[in-house]
């Protein structure tokens, strides 16, 4: 691996994204929804309807179950506990933002080269397939991660500003760090690597995005399962998932390098 | 400097290039001529290490391309692809800078300035590529192929779609590169262009039909042709057809006041023919070589091979 070549290609990708900001719109939408939606559900709706979440019977049962893996809830008043529970659940949505962002950018970055017929000149250089794909993966990963971090910071700031006292402290745990700081980025890496593999086999970015959208399904299932009480994703389970996704990412890197056949690209891409 | 040794390339059932061999030396421009689908681009891609031959080998300074050394050999080649393939949203300079970095150019700024000034694009360096004309894009693509000062240069249709002035700039640049000792392979289906640029040409139509200097290929196919312009004479001009034939020419034709013929002895024939005509009473006003267009050579060679 030649890191100067990787750096040159990442710089090129980032300049292209900057020149074509429409490619980051999907991730911006997800980040904005992820930030605003929980605030609306947990704070705005109860305030406008006058019905407290804490008095809901289903909510009380959910809080009793959650206390087993979130002991800090027991120390909060009912309204604050309900808010903390919901805000914690919605952190899962922040896993979706970097995945959507990475998928959107990666699909554009490979298929965009194909459509612009810019890949053949690139393949005349000494750049290796692995360098090319790693550059594309990292260039898509970085903006997605920045947007995730910005969204999360905005989310926590809103929780601190609008939520009941003590709610923010419940969110700032190792579990949260593992969820959004490690599992999220790994999920994004795996998703974008899969997208790159898919992109080298399809002819337009939308096809790649449409196929890759299935990658967010497990995350949505996890979010729905946990918020409905069907199962609990404990810190241990999160750590295992992180490790599994990390391994999946490495396998996907190898797969995408294998699928990215230079000769096929040159002779069959139209 | 660069050679193809019995190179063939198959795509599935289709044989795109069949048993092609040639060698290009430093300081030589070599033209690959052929109709669309003749395998020119495939041959160039094999020379550039973009695809490997199914059989045979391509060598760069004696080293064959393999799956393992493609990167290091490609670093020594400048390749102008058939389509410019530029990043439209980046500036002229940004496009070149990425390539300079990919080729590990030690001083990218200086290399970029040098090549942009050479191709008269320096004033447009900050413009986004999408704003450039087709000709400028082609020149920028050429600049990109040359930014790392390669000694082996492969050009796929370098003057296609260029206006005459830009095409001349490109040809002048190629002459300079040849004078600097670069080995240049140019693919084209423009025969006039090939004749202007190439020291030697290879006629390909999947396989190699002929290779050599354009003038020699002409002579090989058509022989040395001579045209003799005559003034009106007391004798019917048609009489001089027989005179020329007896003096050492064949295929002699009278076209208006001009005789055209193929010489039996290419090097010694013209003086003998002219002398015989004058002695027979002809008034000769001009004598010149009758060079058939390279296109005629090309078509004749293709028809000989049963390819037209």
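The values are calculated or read from the model by the stated rules, or taken from the named source; none is laboratory data. Owing to the predicted nature of the structure, the values given are computational and were not obtained by experimental measurement. With ideal geometry, Cβ positions are generated from the backbone for all residues, glycine too; neighbour counts draw on all protein chains shown.
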The helices (runs of 4 or more DSSP H) lying entirely within the stretch B:148-241 that contain at least 3 residues which are under 28 Å from residue B:16 (Cα atoms) are B:191-197, B:214-222
Looking across the stretch B:143-157 at residues that are over 14 Å from residue B:186 (Cα atoms) and within 11 Å of another protein chain (Cβ to nearest Cβ), the single one that is surrounded by the fewest Cβ atoms within 10 Å (Cβ to Cβ) is B:150
Quick check on residue B:85: is it touching a helix residue (DSSP H, G or I) at 6+ places or on another chain (Cβ under 9 Å) and either assigned to a loop (DSSP other than H, G, I, E, B) or on the phi > 0 side of the Ramachandran plot (or both)?
yes
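Residues checked against (1) in contact with a helix residue (DSSP H, G or I) (Cβ under 9 Å, 6 or more places away or on another chain); (2) within 30 Å of residue A:182 (Cβ to Cβ); (3) surrounded by fewer than 17 Cβ atoms within 10 Å (Cβ to Cβ):
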site: A:60; (1), (2), (3): yes, no, yes
site: A:73; (1), (2), (3): yes, yes, no
site: A:84; (1), (2), (3): yes, yes, no
site: A:94; (1), (2), (3): yes, yes, no
site: A:101; (1), (2), (3): yes, yes, no
site: A:107; (1), (2), (3): yes, yes, no
site: A:111; (1), (2), (3): yes, yes, no
site: A:119; (1), (2), (3): yes, no, no
site: A:147; (1), (2), (3): yes, yes, no
Suppose we filter A:39, A:29 for residues that are away from every other protein chain (no Cβ under 14 Å), surrounded by fewer than 15 Cβ atoms within 10 Å (Cβ to Cβ) and part of a helix (DSSP H, G or I); which single one remains?
A:29
Quickly run through the stretch A:234-266 and pick out the residues that are free of Cβ contacts under 8 Å to residues at least 24 places away in the same chain and either in contact with a helix residue (DSSP H, G or I) (Cβ under 8 Å, 6 or more places away or on another chain) or away from chain B (no Cβ under 14 Å) (or both).
A:236, A:237, A:240, A:243, A:244, A:247, A:250, A:251, A:254
Residues satisfying the stated conditions in the stretch A:6-20, i.e. in contact with a helix residue (DSSP H, G or I) (Cβ under 8 Å, 6 or more places away or on another chain) and at the interface with chain B (Cβ under 9 Å from one of its Cβ atoms):
A:7, A:8, A:9, A:11, A:12, A:15, A:16, A:20
Considering each of B:232, B:194 in turn, give the residue that is modelled with pLDDT under 85 and surrounded by 22 or more Cβ atoms within 10 Å (Cβ to Cβ).
B:194
Counting only residues that are more than 8 Å from chain A (Cβ to nearest Cβ) and more than 30 Å from the chain's Cα centre (by Cα), how many does the stretch B:79-91 have?
1
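Anything in the stretch A:150-167 that is in a helix (DSSP H, G or I) and surrounded by 18 or more Cβ atoms within 10 Å (Cβ to Cβ)? List them, or say none.
Restricting attention to the stretch A:150-167, the residues satisfying the condition of being in a helix (DSSP H, G or I) are A:150-162, A:167.
Passing the criteria: A:151, A:152, A:155, A:156, A:159, A:167.
May I ask you to verify whether residue A:231 is exposed (fewer than 12 other Cβ atoms within 10 Å of the Cβ) and either touching a helix residue (DSSP H, G or I) at 6+ places or on another chain (Cβ under 7 Å) or assigned to a helix (DSSP H, G or I) (or both)? Full working, then the answer.
Numbers: exposed (fewer than 12 other Cβ atoms within 10 Å of the Cβ): yes; either touching a helix residue (DSSP H, G or I) at 6+ places or on another chain (Cβ under 7 Å) or assigned to a helix (DSSP H, G or I) (or both): yes.
The answer is yes for residue A:231.
How many residues are more than 14 Å from residue B:219 (Cα to Cα), assigned to a helix (DSSP H, G or I) and touching a strand residue (DSSP E or B) at 6+ places or on another chain (Cβ under 7 Å) when one looks only at the stretch B:270-308?
At the first step, the residues of the stretch B:270-308 found to be more than 14 Å from residue B:219 (Cα to Cα) are B:270-288, B:299, B:302-308.
Filter again for assigned to a helix (DSSP H, G or I), leaving B:270-279, B:299, B:302-304.
Now restrict to residues that are touching a strand residue (DSSP E or B) at 6+ places or on another chain (Cβ under 7 Å): B:270, B:273-274, B:277-278, B:302.
The qualifying residues number 6.
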Exclusive hit being assigned to a helix (DSSP H, G or I) and more than 11 Å from every other protein chain (Cβ to nearest Cβ), set B:94, B:113
B:113
Can residue B:104 be described as surrounded by fewer than 16 Cβ atoms within 10 Å (Cβ to Cβ) and within 14 Å of another protein chain (Cβ to nearest Cβ)?
yes
Just need a number here: residues in the stretch B:1-55 that are away from every other protein chain (no Cβ under 14 Å), touching a helix residue (DSSP H, G or I) at 6+ places or on another chain (Cβ under 9 Å) and farther than 21 Å from residue B:153 by Cα.
1
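Please determine, by comparing only the residues of the stretch B:242-260 that are buried (at least 16 other Cβ atoms within 10 Å of the Cβ) and out of contact with any helix residue (DSSP H, G or I) (no Cβ under 8 Å at 6 or more places or on another chain), which one is nearest to residue B:280 (Cα to Cα). If you could, list the steps in order and put the result at the bottom.
So the first thing to find is which residues in the stretch B:242-260 are buried (at least 16 other Cβ atoms within 10 Å of the Cβ), and the list is B:243-245, B:247-249, B:252, B:254, B:258-260.
Right, trim to out of contact with any helix residue (DSSP H, G or I) (no Cβ under 8 Å at 6 or more places or on another chain) and you get B:245, B:258, B:260.
Values: B:245: 13, B:258: 16, B:260: 17 Å.
Top of the filtered list is B:245.
When you scan the stretch B:59-75, how many residues do you find that are more than 9 Å from every other protein chain (Cβ to nearest Cβ) and either surrounded by fewer than 19 Cβ atoms within 10 Å (Cβ to Cβ) or assigned to a helix (DSSP H, G or I) (or both)?
Within the stretch B:59-75, the subset more than 9 Å from every other protein chain (Cβ to nearest Cβ) is B:59-69.
Applying the additional criterion that residues be either surrounded by fewer than 19 Cβ atoms within 10 Å (Cβ to Cβ) or assigned to a helix (DSSP H, G or I) (or both) yields B:59, B:61-64, B:66-69.
Within the stretch B:59-75, residues that are more than 9 Å from every other protein chain (Cβ to nearest Cβ) and either surrounded by fewer than 19 Cβ atoms within 10 Å (Cβ to Cβ) or assigned to a helix (DSSP H, G or I) (or both) number 9.
For the stretch B:129-142, which residues satisfy the criterion of being buried (at least 17 other Cβ atoms within 10 Å of the Cβ) and within 14 Å of chain A (Cβ to nearest Cβ)?
B:129, B:137, B:138, B:140, B:141, B:142
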